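The values are calculated or read from the model by the stated rules, or taken from the named source; none is laboratory data. Every value quoted in this text rests on a predicted model; they were computed, and no experiment measured them. Reconstructed Cβ throughout: ideal geometry from the backbone, glycine too, with neighbour counts over all protein chains shown. Remember, those area values only see protein heavy atoms, side chains included, never the ligands or the DNA or RNA. Shrake-Rupley method; radii C 1.70, N 1.55, O 1.52, S 1.80 Å.
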Amino acid sequence: MKQCTHADALPHPEPEPLDETCPECRRDGTHPVQLRLCLSCGHVGCCDSSPGRHATEHHATSGHPVMRTFEPGEDWRWCFVDHVLV
């Protein structure tokens, strides 16, 4: 089973969210479907079901490997590099 090779390097405690919603969606006038929190820097971005796919875009431009859901009642993490749940 493939494992995430980045989880051990994440900051503790995890970073505070930089926003309560996706700032790129707010800028573009679009509505995020679901939100994701970058566990390296606290950027909040929308999921791949959203028009902008800003969480994935953030990973592509920053190289930050792991995000977690930023949705109430959900608790999971995803590694963009290793393509696995953390």
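Miscellaneous remarks
- Cysteine residues of the chain whose C-beta has no other cysteine C-beta under 4.7 angstrom: 38, 41, 47.
- Residue 59 contributes an accessible area of around 40 Å² to the protein surface, as traced by a 1.4 Å probe with all chains present.
- Accessible area per residue was computed with a 1.4 Å probe on protein heavy atoms; residue 20 scores about 140 Å².
- Virtual paramagnetic centre 7 Å along Cα→Cβ of residue 9, amide N under 17 Å, in the range 49-86: 59-68, 78-84, 86
- Over the chain, dividing the summed -39,500 (n - 2.57) contributions of all DSSP H runs of at least 4 residues by the number of residues returns a 222 nm mean residue ellipticity of -4500 deg cm²/dmol.
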